[in-house]
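Working notes, beginning with the structure itself.
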Amino acid sequence: MRVEVLDGNPESDRPGWAGRVSSWVRYPVLGSLLQTRRACVVLSVVLVLQLVSAGLGVSVYQCPILKLTGVPCPGCGLSRGAVAALLLDPAGVVWWNAFGPAALLAVVLILLTGLLPERHRRAWVGRIAWIEQKTGITNTAFILLWLYWVGRLVLLGGDLGGRLSAYP
Amino acid sequence: MIALLGLLSIPVSLVALVCWIMTIIVAFKKEEGPLFGILCICPLIGLILGWVKNKEWDHQKVMLVWTACVVINIILNIVVTAASAAS
């Protein structure tokens, strides 16, 4: 199955940088990612294992940037933030990564997509891609995650690396 | 034994690091805008996006090597954690 980029999008028809930025932001990342059932199943297994290990306080996948430099990457703390969101712990979410609930939502979407029967799965993925192309929600969330990372680095400095290196 | 496994993870991590840098470069080169290159700065997101775009970027071999390195590192982490807990 191929997710086609919507035609006639007024934003992407706009010439110059505004149109280009709009087409980047509206690229359906999740829609492309979930095109095959195999990708959904592999991603679901990997992400659920990551969340379970984070919940158990075991560091299975370690961020190489944090490990090598002590500086966290934008995604550091997302698994633990997602677990905190799952446990309805807002303080934990803010402590680890405020985008944890968004990461949890993405995992749930991927898991659901993997479990759906093929006919429904195709329609479901098409709907996700359509929403992404219309709203640019996924890439906007990524951009906000990056800005949040820069903000945290500026405000917390070296404390952030120490906080995210220490496992609960 | 634990120290040996820890040492083994260093070359694997270095290969993974090289693959990650290559993915960032390809993302900036092959895409019209900087969005994907910037997103790939987070290695986990870079790994996922690299697989999404691997055919478009003609980047399958690097992604396979990178994924293998990540899997080996995860296995090593599990073994080291289990061995540390047991000793």
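The values are calculated or read from the model by the stated rules, or taken from the named source; none is laboratory data. Since this is a predicted model, take the numbers as computed values, not measurements. Here Cβ is always computed from backbone atoms with ideal geometry, including for glycine, and neighbour counts include all displayed protein chains. Side chains included, ligands, DNA and RNA excluded: accessible areas come from the protein's heavy atoms. Shrake-Rupley method; radii C 1.70, N 1.55, O 1.52, S 1.80 Å.
Name the single residue, out of those in the stretch B:54-71 being out of contact with any Ser or Thr (no Cβ under 8 Å at 6 or more places or on another chain) and either under 18 Å from residue A:64 (Cβ atoms) or within 10 Å of chain A (Cβ to nearest Cβ) (or both), that is modelled with the lowest pLDDT.
Filtering first and then ranking leaves B:56.
Right, residue A:154: within 13 Å of chain B (Cβ to nearest Cβ), surrounded by fewer than 16 Cβ atoms within 10 Å (Cβ to Cβ) and not polar (S, T, N, Q) or not?
Considered against the rule, which asks whether it is within 13 Å of chain B (Cβ to nearest Cβ), surrounded by fewer than 16 Cβ atoms within 10 Å (Cβ to Cβ) and not polar (S, T, N, Q), residue A:154 comes out as no.
Six or more apart or on different chains, Cβ under 7 Å: which pairs go from a residue in the stretch B:35-48 that's at the interface with chain A (Cβ under 7 Å from one of its Cβ atoms) to one that's at pLDDT below 85 and part of a loop (DSSP other than H, G, I, E, B)? Could you list them?
Pairs found: B:43/A:63.
Name the residues in the stretch B:1-15 that are open to solvent by less than 80 Å² (accessible area, probe 1.4 Å) and of a type in the set (A, V, I, L, M), would you?
Answer for the stretch B:1-15, where residues must be open to solvent by less than 80 Å² (accessible area, probe 1.4 Å) and of a type in the set (A, V, I, L, M): B:2, B:3, B:5, B:12, B:15.
Can you name the residue in the stretch A:69-94 that is more than 7 Å from chain B (Cβ to nearest Cβ) and within 22 Å of residue B:21 (Cβ to Cβ) and, of all such residues, is surrounded by the most Cβ atoms within 10 Å (Cβ to Cβ)?
A:78
Would you please name the residue that is nearest to the chain's Cα centre (by Cα), looking only at residues in the stretch A:1-45 that are away from chain B (no Cβ under 13 Å) and modelled with pLDDT of 55 or more?
The qualifying residue nearest to the chain's Cα centre (by Cα) is A:41.
Among the residues of the stretch B:47-57, is any out of contact with any helix residue (DSSP H, G or I) (no Cβ under 8 Å at 6 or more places or on another chain) and not polar (S, T, N, Q)?
Yes, the stretch B:47-57 contains a residue that is out of contact with any helix residue (DSSP H, G or I) (no Cβ under 8 Å at 6 or more places or on another chain) and not polar (S, T, N, Q).
Of everything in the stretch A:117-161, what is on the phi > 0 side of the Ramachandran plot and either in a helix (DSSP H, G or I) or touching a residue at least 24 places away in the same chain (Cβ under 8 Å) (or both)? Give them in sequence order.
Scanning the stretch A:117-161 gives a single hit, A:136.
Identify all residues within the stretch A:33-43 that are touching a residue at least 40 places away in the same chain (Cβ under 8 Å) and either surrounded by fewer than 19 Cβ atoms within 10 Å (Cβ to Cβ) or in contact with a strand residue (DSSP E or B) (Cβ under 7 Å, 6 or more places away or on another chain) (or both); write none if there are none.
A:37, A:41 - these are the residues of the stretch A:33-43 that are touching a residue at least 40 places away in the same chain (Cβ under 8 Å) and either surrounded by fewer than 19 Cβ atoms within 10 Å (Cβ to Cβ) or in contact with a strand residue (DSSP E or B) (Cβ under 7 Å, 6 or more places away or on another chain) (or both).
Grab the helices (runs of 4 or more DSSP H) fully contained in the stretch B:16-87, keeping just those with 1 or more residues being touching a Cys at 6+ places or on another chain (Cβ under 8 Å) and surrounded by 18 or more Cβ atoms within 10 Å (Cβ to Cβ).
Result: B:43-52, B:60-86.
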